[in-house]
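S.K.: Starting off with a structure, shown below.
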Ligand SMILES: Cc1cc2nc3c(=O)[nH]c(=O)nc-3n(C[C@H](O)[C@H](O)[C@H](O)COP(=O)(O)O)c2cc1C
């Protein structure tokens with residue numbers, strides 16, 4: 001008996017259902033990934049993790065259909081802006097595609113221009129880094145980009161990171177320990 005494409009997708013989703021729910025239990029920082037090439041600028045809501053301390057390196061996973069992915073592949077660079085909890089509306093906006101060559105302008109996302117870098121970032125963020133792609137590989141339905149952090153700015157006055165957990169935006173809570181003196185940056 002043949003199975004329709006729709007039913008085949010449903011079967012596939014059922015198979016991965018429990019594992020997909022687990023992914024929503026990983027609390028993530030909310031980031032906006034910025035990219036540019038030629039006259040085009042884009043950005044996408046996403047997340048980031050670090051994968052090396054020395055040299056500092058991070059990883060992002062971008063889906064193949066997005067404009068941001070295409071621009072990263074063309075320029076081999078990206079920015080990551082870690083959002084403050086007052087920037088939730090920007091996360092919602094950047095999570096959709098937009099018309100026009102410059103998504104920052106189309107959606108009125110405030111731009112932080114860093115001297116020496118062509119890639120736009122989001123002004124008012126907790127921290128922003130500019131990365132050079134050192135590795136790219138397909139991972140399931142996304143493309144993993146590993147980037148070396150080549151420049152960074154932080155605003156130490158802003159401590160309330162915007163998080164994503166259980167498919168919701170979330171504010172960070174309160175410190176429950178002293179700052180660790182050394183070791184991992186987290
Ligand atoms: C909370 C949240 C997290 C997201 N995380 C990712 C992600 O990790 N990777 C990704 O490719 N898209 C992610 N998206 C979806 C992109 O932001 C979305 O596809 C965006 O419209 C891409 O824009 P572009 O096509 O202009 O590049 C996320 C969206 C939201 C709202």
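S.K.: In what sequence do 130, 175 fall when counting other Cβ within 10 Å, fewest first? Mind showing how you got there, number by number?
M.R.: On the way: 130 22, 175 8.
Least crowded to most crowded, the residues run 175, 130.
S.K.: Extending each Cα 7 Å along its Cβ direction at residue 96 and residue 10, get the distance between those two points in nm, one decimal.
M.R.: 2.9 nm
S.K.: Sticking with this structure for a sec: What spacing in nm lies between the two simple spin-label points modelled at residue 132 and residue 156, each 7 Å away from Cα in the Cβ direction?
M.R.: Distance between the two pseudo-spin positions: 2.8 nm.
S.K.: Which residue, 87, 157, 73, tops the fluctuation ranking in a GNM of the chain built on C-alpha contacts under 10 Å?
M.R.: 157
S.K.: Grab every C-alpha pair in the range 27-167, bin the distances at 10 angstrom width from 0 up to the longest one, and report whole percents.
M.R.: Final binned percentages: 13, 47, 36, 4.
S.K.: Multiply the residue separation of residue 3 and residue 178 by 0.36 nm, subtract the distance between their alpha-carbon atoms, and state the gained length in nm to one decimal. Mind dumping the intermediate values first?
M.R.: Details: separation 175, 0.36 × 175 = 63.00 nm, distance 5.73 nm.
Stretched out fully, the residue 3 to residue 178 stretch lengthens by 57.3 nm.
S.K.: I would also like to ask the following. Could you work out the helix-only [θ] at 222 nm for the chain, with each DSSP H run of four or more residues adding -39,500 (n - 2.57) and the total divided by the number of residues, to the nearest 500 deg cm²/dmol? Kindly include the intermediate steps, with their values, before the conclusion.
M.R.: On the way: 4 runs with 39 residues, N = 186.
Value at 222 nm, helices only, nearest 500: -6000 deg cm²/dmol.
S.K.: For the chain, with a Gaussian network of springs between Cα atoms less than 10 Å apart, report the residue from 124, 95, 65 with the top mean-square fluctuation.
M.R.: 65
S.K.: Can you give the extra length, in nm with one decimal, that the chain gains between residue 40 and residue 22 once fully stretched, where that is 0.36 nm per residue apart less the Cα-Cα distance? Please list the in-between numbers first.
M.R.: Working: separation 18, 0.36 × 18 = 6.48 nm, distance 3.58 nm.
That pair, residue 40 and residue 22, stretches by 2.9 nm at full extension.
S.K.: Continuing with the same structure: Using Cα pairs under 8 angstrom and six or more residues apart, how large is the relative contact order of the chain, in percent? Intermediate values should be presented prior to the final figure.
M.R.: Details: 354 pairs, mean separation 44.7, N = 186.
Relative contact order comes out at 24 percent.
S.K.: OK, next. Only Cα pairs within less than 10 Å get springs; with that Gaussian network setup on the chain, which residue of 164, 132, 96 has the largest fluctuation?
M.R.: Among 164, 132, 96, the largest mean-square fluctuation in the Gaussian network model of the chain belongs to 96.
Throughout, read-outs are computed from the coordinates displayed, never taken from laboratory work. Just so we're clear, the structure is a prediction, and the values are computed from it rather than from any experiment. Neighbour counts run over all protein chains shown; Cβ positions are idealised from the backbone, glycine included.
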